[in-house]
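S.K.: Right, I'll just put the structure down here and ask away after.
The values are calculated or read from the model by the stated rules, or taken from the named source; none is laboratory data. For clarity, every value in this text was computed on a predicted model and none was experimentally measured. When we count neighbours, we look across all protein chains shown, and the Cβ atoms used for this are built from the backbone with ideal geometry, even at glycine.
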Amino acid sequence: MSCQKGETGPAGKDGTNNVHSQTFTTEVWTQSGNTYICYLNDADITQEILDKGVMNSYIEIGTGNWYSLPYNYYYVSSIPLSFLPLYSLGKVRIQAINYDNSPISDPGMLTFKVVCIEGN
């Protein structure tokens, strides 16, 4: 028995651009206990995206090296500095915290990317 090509199906619907991406450079962090927090204002994070879509955030380490959040960064010691995203309407809250909850220094200027994908 050999494989045979079947009939050609009907044409599919035209797709729409449903992916939104923004890059943010931040150097303003607010200390809260042993953590630091910054907010990325992103109008692409709508209620529909929160309800039905997908949101991904990335941190740039070095030039052009993007890592998905949450991310553990071993920059000084064997205790990783964790970057954790929390999404809400119109913004992303990024929390920087040591894995063991020990005090940290202000993270300083960092670049993040937020990608929103609309759902159905």
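S.K.: Name the residue that is farthest from Met109 (Cα to Cα), counting only residues in region 39-53 that are among the charged types (D, E, K, R) and touching a strand residue (DSSP E or B) at 6+ places or on another chain (Cβ under 9 Å).
M.R.: Taking the candidates together, the pick is Asp44.
S.K.: Then there's this: Of all residues being at pLDDT 90 or above and touching an Asp or Glu at 6+ places or on another chain (Cβ under 7 Å) in region 7-30, which is nearest to Leu81 (Cα to Cα)? Just the residue, please.
M.R.: The residue in question is Trp29.
S.K.: Can you work out which of the residues in region 25-70 that are aliphatic (A, V, I, L, M) and assigned to a strand (DSSP E or B) is farthest from Tyr99 (Cα to Cα)?
M.R.: Val54
S.K.: Pairs please, first residue from region 80-91 and in contact (Cβ under 8 Å) with a residue 12 or more places away in the chain, second anywhere and part of a loop (DSSP other than H, G, I, E, B) and of a type in the set (Phe, Trp, Tyr), Cβ atoms under 8 Å, 6+ apart in sequence or on different chains.
M.R.: Filtered contacts from region 80-91: Pro80/Tyr74; Pro80/Tyr99; Leu81/Tyr74; Leu81/Tyr75; Leu81/Tyr99; Ser82/Tyr99.
S.K.: Assuming Arg93 fulfils every condition listed in (1) part of a strand (DSSP E or B); (2) modelled with pLDDT under 85 apart from one, which condition is it?
M.R.: (2)
S.K.: What's the number of the only condition in (1) in contact with a strand residue (DSSP E or B) (Cβ under 8 Å, 6 or more places away or on another chain); (2) of a type in the set (Ser, Thr, Tyr); (3) under 30 Å from Gly119 (Cβ atoms); (4) touching a residue at least 24 places away in the same chain (Cβ under 8 Å) that Tyr99 fails to meet?
M.R.: Unmet for Tyr99, out of (1) in contact with a strand residue (DSSP E or B) (Cβ under 8 Å, 6 or more places away or on another chain); (2) of a type in the set (Ser, Thr, Tyr); (3) under 30 Å from Gly119 (Cβ atoms); (4) touching a residue at least 24 places away in the same chain (Cβ under 8 Å): (3).
S.K.: Can you name the number of the only condition in (1) under 21 Å from Val28 (Cα atoms); (2) of a type outside the set (A, V, I, L, M); (3) part of a strand (DSSP E or B) that Cys116 fails?
M.R.: Only one criterion in (1) under 21 Å from Val28 (Cα atoms); (2) of a type outside the set (A, V, I, L, M); (3) part of a strand (DSSP E or B) is unmet by Cys116, namely (1).
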